[in-house]
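**Student:** Shown below is the structure under consideration.
The values are calculated or read from the model by the stated rules, or taken from the named source; none is laboratory data. All values reported here derive from a predicted model rather than from experimental measurement. Glycine gets a Cβ as well: all are built from the backbone with ideal geometry, and neighbour counts include every protein chain shown. Accessible surface is based on the protein model in full, side chains and every heavy atom, while ligands, DNA and RNA are left aside. Shrake-Rupley method; radii C 1.70, N 1.55, O 1.52, S 1.80 Å.
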Amino acid sequence: MATGADVRDILELGGPEGDAAAGTISKKDIINPDKKKSKKSSETLTFKRPEGMHREVYALLYSDKKDAPPLLPSDTGQGYRTVKAKLGSKKVRPWKWMPFTNPARKDGAMFFHWRRAAEEGKDYPFARFNKTVQVPVYSEQEYQLYLHDDAWTKAETDHLFDLSRRFDLRFVVIHDRYDHQQFKKRSVEDLKERYYHICAKLANVRAVPGTDLKIPVFDAGHERRRKEQLERLYNRTPEQVAEEEYLLQELRKIEARKKEREKRSQDLQKLITAADTTAEQRRTERKAPKKKLPQKKEAEKPAVPETAGIKFPDFKSAGVTLRSQRMKLPSSVGQKKIKALEQMLLELGVELSPTPTEELVHMFNELRSDLVLLYELKQACANCEYELQMLRHRHEALARAGVLGGPATPASGPAPASAEPAVPDPSLGPDPTKDTIIDVVGAPLTPNSRKRRESASSSSSVKKAKKP
């Protein structure tokens, strides 16, 4: 009679050890025979990810039955390890001690070296690096017809071409080996000039009509001047080198001052343009009918440059805003301008924070913008007056020293007040002397001097406004 263990063995049921020991079988084991088996296999294969291990690292571990790790170490051949030599069972290629000759040598010297037996009888592999210069050969008739020169004899010309073939046109070596005792003493430039002159003559004579010629040209005069200049540069004294460096530094300073003057002139031109644009805008607004709304006026007014006074922000975003926010000065206005603006408003008797009605906000912002523009124009005018006065004093000093080309005038004191300066004729164009003086003599304005001048100009403007 079959027991429960036999039935379980026939149905391939792997129940718990307690059931196997008891020899009993349940109804669930017969109805669902695969559930417990899969559950057992899943319990044995899966395990929890250790704490501290990243998910990507854990995914690299073996967790799937289909992707079992190899039992033996495998080598794919593509890795960071050093590839070891794969020694086979084939025979090694034999090497042989054999003689060879170098085609570059003309003395027929015989040498020996190790070489593979399969390469016996082949040419020397390094013979292909033996490159020689093709020096032209001329006949007696060609020399008499085209190459004759009174300063050179035929024997000396033959000697030059023989050395050129021996030393591959290394003219410094040719000059060293040249026979100066038998022939006239020549320089390297003389040897080059004679050689390339003969090459050009022979190329012209032997050329086929209708072909493009590549005639070598050598300028001996330019080569002599170049070497002379290099010799002078090499033989400079330390004092001359220091003087040259000083002149180069002065040249850089002059160029920097010139760029700074150009930038200041551009800024001044922008301020003048902004002032003209603002004045024209005021005239247009006065002529316009008063029925139009201020919003339409703002939309119709011409575009004003950004440097014209203050550019207040526009609050056009959706939401509730206060008119007083439109009266706040933007962060681009510096503290110095803000203090000067407050001082000018106090002098004019205007409140610093009036009632923010629509009309007052618009007019107050325009007033402060015009005051800032006036402040910048006064600063630019003071800078120009200071520079003009400084250049005038320098011009007088140079005129007294006689640097400008005229006779030196004694420094007897300032000119009388009745004397008027000569006005140049505008039809003759700009005076080159003045341009030269300004470009070379003009001194840069340091930040400290500029701040002192700006503060002095602002204080002087305030004093002038206080006077009745």
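**Student:** So, in the range 168-190, how many residues would count as being farther than 22 Å from GLY221 by Cα, of a type in the set (D, E, K, R) and either in a strand (DSSP E or B) or touching a helix residue (DSSP H, G or I) at 6+ places or on another chain (Cβ under 7 Å) (or both)?
**Tutor:** 2
**Student:** Does at least one position in the range 193-211 carry a residue that is charged (D, E, K, R) and outside any helix (DSSP H, G or I)? Write out each step before concluding.
**Tutor:** Restricting attention to the range 193-211, the residues satisfying the condition of being charged (D, E, K, R) are 193-194, 201, 206.
Narrowing further to those that are outside any helix (DSSP H, G or I): none.
No, because not a single residue in the range 193-211 is charged (D, E, K, R) and outside any helix (DSSP H, G or I).
**Student:** Here's something else I'd like to know. Of the conditions (1) surrounded by 11 or more Cβ atoms within 10 Å (Cβ to Cβ); (2) over 17 Å from SER324 (Cβ atoms), GLU366 satisfies every one except a single condition; which number is it?
**Tutor:** Exception for GLU366: condition (2).
**Student:** Give the residues of the range 98-118 that are open to solvent by 60 Å² or more (accessible area, probe 1.4 Å), more than 26 Å from ARG170 (Cβ to Cβ) and not in a strand (DSSP E or B), sorted by residue number.
**Tutor:** ALA118, the sole residue that qualifies.
**Student:** Is one or more of the residues making up the range 252-273 of a type in the set (Val, Ile, Thr), more than 30 Å from LYS192 (Cα to Cα), modelled with pLDDT of 90 or more and surrounded by fewer than 10 Cβ atoms within 10 Å (Cβ to Cβ)?
**Tutor:** Within the range 252-273, the subset of a type in the set (Val, Ile, Thr) is 254, 272-273.
After this cut, where a residue has to be more than 30 Å from LYS192 (Cα to Cα) as well, the list is 254, 272-273.
So of that shortlist, the ones also modelled with pLDDT of 90 or more come out as 254.
The next check asks that each one be surrounded by fewer than 10 Cβ atoms within 10 Å (Cβ to Cβ); those that pass are none.
Scanning the range 252-273, I find no residue that is of a type in the set (Val, Ile, Thr), more than 30 Å from LYS192 (Cα to Cα), modelled with pLDDT of 90 or more and surrounded by fewer than 10 Cβ atoms within 10 Å (Cβ to Cβ), so the answer is no.
**Student:** Here's a check for you: in the range 150-167, which residue that is in a loop (DSSP other than H, G, I, E, B) and within 20 Å of GLU223 (Cβ to Cβ) is least open to solvent (accessible area, probe 1.4 Å)?
**Tutor:** PHE167
**Student:** What do you reckon, is ALA288 closer than 25 Å to CYS381 by Cα and at pLDDT 50 or above? Break it down into steps so the answer makes sense when it comes.
**Tutor:** Numbers: closer than 25 Å to CYS381 by Cα: no; at pLDDT 50 or above: yes.
So ALA288 fails the test.
**Student:** So for the range 208-221 (the condition being surrounded by 17 or more Cβ atoms within 10 Å (Cβ to Cβ) and modelled with pLDDT under 95), does at least one residue qualify?
**Tutor:** Narrowing the range 208-221 to residues surrounded by 17 or more Cβ atoms within 10 Å (Cβ to Cβ): 220.
Among the residues that remain, those that are also modelled with pLDDT under 95 are: 220.
Scanning the range 208-221 turns up at least one residue that is surrounded by 17 or more Cβ atoms within 10 Å (Cβ to Cβ) and modelled with pLDDT under 95.
**Student:** Hey, another quick one. Which one of these does LYS301 not meet: (1) open to solvent by 70 Å² or more (accessible area, probe 1.4 Å); (2) at pLDDT 75 or above; (3) charged (D, E, K, R)?
**Tutor:** All conditions are met except number (2).
**Student:** Which one of the conditions (1) over 21 Å from LEU169 (Cβ atoms); (2) in the same structural domain as HIS148 (by the TED database); (3) surrounded by 10 or more Cβ atoms within 10 Å (Cβ to Cβ) does VAL241 fail to meet, given that it meets all the rest?
**Tutor:** For VAL241, the failing item is (2).
Yes or no, residue by residue, for (1) within 30 Å of PRO99 (Cα to Cα); (2) touching a residue at least 60 places away in the same chain (Cβ under 8 Å); (3) open to solvent by 60 Å² or more (accessible area, probe 1.4 Å):
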| site | (1), (2), (3) |
| --- | --- |
| TYR124 | yes, no, no |
| PHE129 | yes, no, yes |
| THR132 | yes, no, yes |
| GLU140 | no, no, yes |
| ILE198 | no, yes, no |
